[in-house]
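Engineer: Here it is, the structure, as structure tokens.
Quick note: the coordinates plus some simple rules give every number you see, no bench work behind them. Computed from a predicted structure; not experimentally measured. All Cβ positions, glycine included, derive from the backbone under ideal geometry; neighbour counts span all protein chains shown.
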Amino acid sequence: IAQFNGHLYDVTAPSIQLVNPTGSGDSTVAGAIYAFKNHLSDENIIRYAIASGTANAMETGVGIARREIVEQLLEQVNIKKID
């Protein structure tokens, strides 16, 4: 569940092979900042946040969210407005 600009969303992250979740929160924030800075819609801000955090969890390193992986994951993030 995510709340953004007064709306609630049911968000499902892509299923992945978990490697190392350390740094995923930081990557999630970085993805949201990127999308916000680029004036994307609320749903796409959430989508970038989740895809970035998920991409980090697929890496052995910490705080790594490769752009090409984030872009692949974007379409796999499911978002439904619930309010």
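Engineer: How about segment 17-51: which of its residues are among the aromatic types (Phe, Trp, Tyr) and in contact with a Phe, Trp or Tyr (Cβ under 7 Å, 6 or more places away or on another chain)?
Structural biologist: Across segment 17-51, the qualifying residues are Tyr34, Tyr48.
Engineer: Here are some residues: Gly53, Gly23. Which one is over 23 Å from Ile82 (Cα atoms) and in contact with a helix residue (DSSP H, G or I) (Cβ under 9 Å, 6 or more places away or on another chain)?
Structural biologist: Within the list Gly53, Gly23, the selection yields Gly23.
Engineer: Another question, then. Return a yes/no flag: does segment 64-81 have any residue that is out of contact with any helix residue (DSSP H, G or I) (no Cβ under 9 Å at 6 or more places or on another chain) and in contact (Cβ under 8 Å) with a residue 60 or more places away in the chain.
Structural biologist: There is at least one residue in segment 64-81 that is out of contact with any helix residue (DSSP H, G or I) (no Cβ under 9 Å at 6 or more places or on another chain) and in contact (Cβ under 8 Å) with a residue 60 or more places away in the chain.
Engineer: Report, by residue number, each residue of segment 1-15 that is over 19 Å from Glu75 (Cα atoms) and part of a loop (DSSP other than H, G, I, E, B).
Structural biologist: Those that are over 19 Å from Glu75 (Cα atoms) and part of a loop (DSSP other than H, G, I, E, B): Asn5, Gly6.
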